[in-house]
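Step one of this worksheet: look at the structure below.
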Amino acid sequence: MKSKLYDKIATIYFYAVAVFLILFLVSLISYILYQGRTKLNIDFLTSPPKFMEAGGGIGPQLFNSLELLIITLIISVPIGLGAGIYMAEYAKPGLLTELIRLSVETLSSMPSIVVGLFGLLVFVTMTGWGYSLIAGALALTVLNLPVMTRVSEDSIRSVPNSLREASYALGSTKWQTIVKVVVPAAMPGIITGIILTAGRIFGEAAALLYTAGMSSPALNFSNLNPSSPTSPLNIFRPAETLAVYIWKVNSEGLAPDARQIADGAAAVLLLMVLIFNILARWLGSTLYKRMTGEK
Amino acid sequence: MKKIEVRELDLFYGEVQALKKINLDVEANSVLALIGPSGCGKSTFIRTLNRMNDLIEGVKINGTVLLDGQDLYKEVDVIELRKKVGMVFQKPNPFPMTVYDNVAYGPRIHGIKDKKKLNEIVEKSLKAAALWDEVKDRLHKSALSLSGGQQQRLCIARTLAVEPEVILMDEPTSALDPISTMKIEELIEELKNKYTIIIVTHNMQQAGRVSDYTAFFLNGELIESGPTDQVFYNPKDKRTEDYITGRFG
């Protein structure tokens, strides 16, 4: 009889945890959206910020966040996926592999402000680029590589060995097996890795303060000359992101409506992450379905 | 005609010797059944014939294996070898792709891009594996939606699509129901006209039904081999007789 009682208690406990978590998340999200509701309009999303007077927007910051996301993913997905493939398919158990794994794990627990200062030293100063999008993207790459590597490695490892054997037995090379069988089969996990990475890119502030910078030139979207400082295509310009702007407005904003701006920007940030996640999952599952023929 | 000749073959997993001085010939266009209790080395042996053991860390091989007179481990490129010597595994292992892409996988990696040619190969292979009628309307559905028996025949079709000369089957029906097993056995009967087939089986009746020759393995040694009727009804070795009559194993 006792085991049945324990079973009941466990069931109730897990349900309670789930309900608590969902309530907590829902209330948090609705609070943020409610607080920012007055600013959720096109004008706020597109106009540049104002420093001393009310009514400034977040246009450049919003755009910078998206641009930084794309650039960072372009840099970190190939490296992280490559490292994951190496660790799962090529690395032989031994000292070197253990050393790499230890380094990756250490890197993943590094405080992001340290990554930011490292970025300031290496990507901003040593390269001579100054505060720039590319420096921010590289700093975020350092921050995200461990997660991307780890998640790719795990999802590639979880592909059953019988699929690799089937591929080899048909006369495939290792490369063909990885590209045509293993990575496609690991796709759902890899997509999860990209989503986790992207969430951090949107949300990160500390690593960007000293790399992408705390200012953004007013962008001129008709200027497509990549060397001009006001061109959105220039990756060597300073590029304050939404998360950095929220931090700045909150701590040193001079505009009378600084609080509302921060609330509005937070709501926008949350919605962006949400939209990105939904899009990435949809894209991932569509891709996966197309490859597997599952309907 | 001898398709495969194995001479003095030893195989070690690290320190453990899994195969001991194996000598065995395989006739072309025949079915050879490998029988013996679990862990006797029959699966290990079959995997030396397409060098799948290369993938395992710490495997060492002595002796020679000749395919059409050429030494597999010295004179033959492993990719070419696996094109000639296909393999069907114990558990059906279709790729998580469409039925069509599963069968076209082999031809594609070997450089065939022409759509018409691929269509022909897919249809021909699925027909040869007696699966065409069941899947012709769902070629672009996932292979994982097929039943276990259909999946295994798909794996056979996938193997046939690269036009091998030898097909290795490692207990191909052990995960299947009786009806699917029967279909695969009938298929083996068909296929031996064109291919040389080596099948590992736990099932004595299966060995009796499908094979022309039988080889009995025990503790890494080849105890006895010969025409199936002879091995089954007139075994030379006491251990073979004991195993076949069900006294152990």
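Mind ranking A:242-249, B:203-210, B:79-86 by how tightly packed they are, going by the mean number of other C-beta atoms within 10 angstrom, highest first?
Working: A:242-249: 23.1, B:203-210: 18.2, B:79-86: 19.9.
My ranking of the peptides, most packed first, is A:242-249, B:79-86, B:203-210.
Considering only A:253, A:163, A:243, the residue lying farthest towards the positive end of the dipole of chain A is A:163, judged by Cα position with unit charges set on Cβ. Of the beta bridges DSSP finds with both residues in the protein assembly as shown, what % are antiparallel, to the nearest 5? Here the share of antiparallel DSSP bridges comes out near 60 percent. By other beta-carbon atoms within 10 Å, ranking A:120, B:11 with the fewest at the front produces A:120, B:11.
Report the charge-dipole magnitude of the protein assembly as shown in Debye, nearest 20, computed about the Cα centre from +1 at each Lys and Arg Cβ and -1 at each Asp and Glu Cβ.
On the way: 55 positive and 52 negative charges, 173 e Å.
Magnitude of the dipole: close to 840 debye.
Divided by 2.2 N^0.38 Å, where N counts the residues, the Cα radius of gyration of region B:1-243 comes to 1.01.
Fewest Cβ neighbours within 10 Å first, please rank B:155, B:40 accordingly.
Values: B:155 27, B:40 23.
Lowest count first: B:40, B:155.
Diagonalise the Cα gyration tensor of the protein assembly as shown and give the resulting equivalent ellipsoid semi-axes, square root of 5 times each eigenvalue, largest first, whole Å. Numbers along the way, then the final one.
Working: eigenvalues 747, 124, 108 Å².
One finds semi-axes of 61, 25, 23 Å for the protein assembly as shown.
Here's how it looks for residue A:56: its modeled amide H is under 5 Å from those of A:50, which are all 5 or more places away or on a different chain.
Write down the percent of antiparallel bridges among all DSSP beta bridges whose residues are both part of region B:1-243, to the nearest 5. In region B:1-243, DSSP labels about 60 percent of beta bridges as antiparallel. In order along region A:180-187, the phi-based Karplus estimate (6.51 cos²θ - 1.76 cosθ + 1.60, θ = phi - 60°) of 3J(HN,Hα) comes to 9, 10, 5, 5, x, 5, 8, 3 Hz; Gly and Pro are listed as x.
Shielding by partners for peptide A:159-168, expressed as the average number of C-beta atoms from other protein chains within 10 Å of each residue's C-beta, is 5.
When the listed pairs A:92/A:174; B:91/B:141; B:83/B:115 are checked against a 18 Å cut-off, the alpha-carbon distance exceeds it for B:91/B:141; B:83/B:115. Sorted on the mean count of surrounding Cβ atoms within 10 Å across their residues, most packed first, peptides B:26-36, B:112-122, A:53-63 read B:26-36, A:53-63, B:112-122.
Quick check on chain A: helices-only [θ] at 222 nm, where DSSP H runs of length 4 and up contribute -39,500 (n - 2.57) each and the sum goes over total residues. Nearest 500, please.
Details: 12 runs with 197 residues, N = 295.
Value at 222 nm, helices only, nearest 500: -22000 deg cm²/dmol.
Of all aspartates and glutamates in the structure, those lying under 13 Å Cα to Cα from residue B:84, and not within fewer than 8 positions of it along the same chain, are B:68, B:163, B:165. For region B:48-77, trypsin sites (Lys or Arg not before Pro) are listed when DSSP marks them as loop and at most 14 other Cβ atoms sit within 10 Å of their Cβ; the list is B:74.
Over chain A, Cα pairs under 8 Å with separation of 6+ residues give a relative contact order of 26 percent.
Between residue A:2 and residue A:107, what length comes free when the chain is fully extended (0.36 nm per residue of separation minus the Cα-Cα distance, one decimal in nm)? Spell out each step's value before the answer.
Details: separation 105, 0.36 × 105 = 37.80 nm, distance 4.67 nm.
Answer, rounded to one decimal: 33.1 nm.
Between residue A:26 and residue B:54, the distance separating the two model label sites (each 7 Å from Cα on the Cα→Cβ line) works out to 5.8 nm.
Counting other C-beta atoms within 10 Å, which of B:181, A:46, B:196 has the fewest, and how do the rest follow?
The fewest-first ordering by Cβ neighbours comes to A:46, B:181, B:196.
Dividing the mean sequence gap of close Cα pairs (under 8 Å, 6+ apart) by how many residues region B:1-243 holds gives a relative contact order of 28 percent. Here's the list of aspartates and glutamates a cross-link from residue B:20 could span, going by alpha-carbon distance under 17 Å and ignoring same-chain residues fewer than 8 apart: B:5, B:8, B:10, B:221, B:224.
Computed from the coordinates by the stated procedures, all read-outs in this text should not be read as laboratory data. Everything numeric here is computed off the predicted structure, so don't read it as measured data. Please note: Cβ atoms are built from the backbone with ideal geometry, for glycine as well, and neighbour counts cover all protein chains shown.
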